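K.L.:
Sharing a structure below in structure tokens format, with a few things to ask.
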Amino acid sequence: MATADHSVRVVAFDVNETMFSLQRMGVAFGEAGVDPATVPLWFARLLRDGFALAAMGQHQPFGALAAESLRALAPDLDEPAVETVLDAFRELDPHPDVEPALRRLREAGVPAVTLTNGSTEVVQAMLARATLTSYVQRSFSVDEVRRWKPAPEPYRWVASQLDLDPGEVALVASHPWDCAGARAAGLVAGWVNRAGARWPAVFAPPDVTGPDLTAVVAALLRSERSR
């Protein structure tokens, strides 16, 4: 595990897959008659389109791209079925390491926030359902700056909203592209690598790596104490 040499004052968490598993989406796909095995493809396509729009200086909200990606994948679905499938986002379950990691931060006096390519309203519903709301100081969405991560604007905007320098904010994510985007924007990057995957050589390495969120948070806190 690597550790960072930074003074982290706030930890921002990515939401989908980092905090909350997409397993429930597979159930929703199956109930709608769509192969659950296509969830990763569907999610990758909607991310691709969000990234492409950001590169073009354009923006569409997560829900609109999620729906369009689902329509392309399952053209026989009617609109009520599309809406029902996407409503399952509100029912995603947190990974088991989320609450312990957030509790560790709270005990250390380091605030936690979220930064998502989705909407704050959906994230707040997910946190409430999982009884995690009290651990999260604020929820941020790229909708505020109309540029999807990993463009630099969302990361820097969060730091400015917290009245901090970018290097005082850590972004923790399970997606290498998200960690790389945060690091390029000047934030500290923490990669949670639950699957034991190889870090993509095309990206600069993260400041902190761990097999779960508790390990990543512990490394960030050790770094803070060492200063």
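The values are calculated or read from the model by the stated rules, or taken from the named source; none is laboratory data. The shown structure was predicted, so the numbers you read here are calculated from the model rather than taken from an experiment. FYI the Cβ positions are ideal-geometry reconstructions off the backbone, even for glycines, and counts take in every protein chain you see.
K.L.:
Consider VAL110 against the criteria (1) in a helix (DSSP H, G or I); (2) crowded, with 17+ Cβ neighbours inside 10 Å: it satisfies all of them except one. Which criterion is unmet?
P.N.:
That leaves (1) as the condition not met.
K.L.:
Considering every residue within segment 158-168, establish whether at least one is in a helix (DSSP H, G or I), free of Cβ contacts under 8 Å to residues at least 12 places away in the same chain and more than 16 Å from the chain's Cα centre (by Cα).
P.N.:
Yes, segment 158-168 contains at least one residue that is in a helix (DSSP H, G or I), free of Cβ contacts under 8 Å to residues at least 12 places away in the same chain and more than 16 Å from the chain's Cα centre (by Cα).
K.L.:
Can we say VAL216 is among the β-branched types (Val, Ile, Thr), under 16 Å from the mean Cα position of the chain (by Cα), buried (at least 22 other Cβ atoms within 10 Å of the Cβ) and assigned to a helix (DSSP H, G or I)?
P.N.:
When the stated conditions are applied, VAL216 passes them.
K.L.:
Is it the case that some residue within segment 181-189 is charged (D, E, K, R), part of a helix (DSSP H, G or I) and either more than 15 Å from the chain's Cα centre (by Cα) or not assigned by TED's automatic domain parsing to the domain that holds LEU53 (or both)?
P.N.:
The answer is yes, given that some residue of segment 181-189 is charged (D, E, K, R), part of a helix (DSSP H, G or I) and either more than 15 Å from the chain's Cα centre (by Cα) or not assigned by TED's automatic domain parsing to the domain that holds LEU53 (or both).
K.L.:
Would you check if ALA72 is more than 18 Å from the chain's Cα centre (by Cα) and in the same structural domain as PHE29 (by TED's automatic domain parsing)?
P.N.:
So ALA72 passes the test.
K.L.:
When you go through ASP49, ASP87 one by one, which is the residue that is surrounded by fewer than 17 Cβ atoms within 10 Å (Cβ to Cβ) and under 21 Å from the mean Cα position of the chain (by Cα)?
P.N.:
Testing whether each residue is surrounded by fewer than 17 Cβ atoms within 10 Å (Cβ to Cβ) and under 21 Å from the mean Cα position of the chain (by Cα) leaves just ASP87.
K.L.:
Which residue is nearest to PHE140 (Cα to Cα), if the candidates are limited to segment 62-77 and must be surrounded by fewer than 16 Cβ atoms within 10 Å (Cβ to Cβ) and not basic (Lys, Arg)?
P.N.:
Out of the qualifying residues, it is ALA64.
K.L.:
Shifting gears a bit: Could you say whether any residue in segment 136-151 is hydroxyl-bearing (Ser, Thr, Tyr) and under 25 Å from ARG222 (Cβ atoms)?
P.N.:
Taking segment 136-151 as the starting set, the residues that turn out to be hydroxyl-bearing (Ser, Thr, Tyr) are 139, 141.
Okay, now just the ones that are also under 25 Å from ARG222 (Cβ atoms), so none.
Scanning segment 136-151 turns up no residue that is hydroxyl-bearing (Ser, Thr, Tyr) and under 25 Å from ARG222 (Cβ atoms).
K.L.:
Can you confirm whether segment 69-77 contains a residue that is within 27 Å of PRO154 (Cα to Cα), assigned to a helix (DSSP H, G or I) and at pLDDT 95 or above?
P.N.:
Within segment 69-77, one or more residues are within 27 Å of PRO154 (Cα to Cα), assigned to a helix (DSSP H, G or I) and at pLDDT 95 or above.
K.L.:
Looking at PHE51, PHE43, which is the one that is outside the structural domain of TYR155 (by TED's automatic domain parsing) and touching a residue at least 40 places away in the same chain (Cβ under 8 Å)?
P.N.:
PHE51
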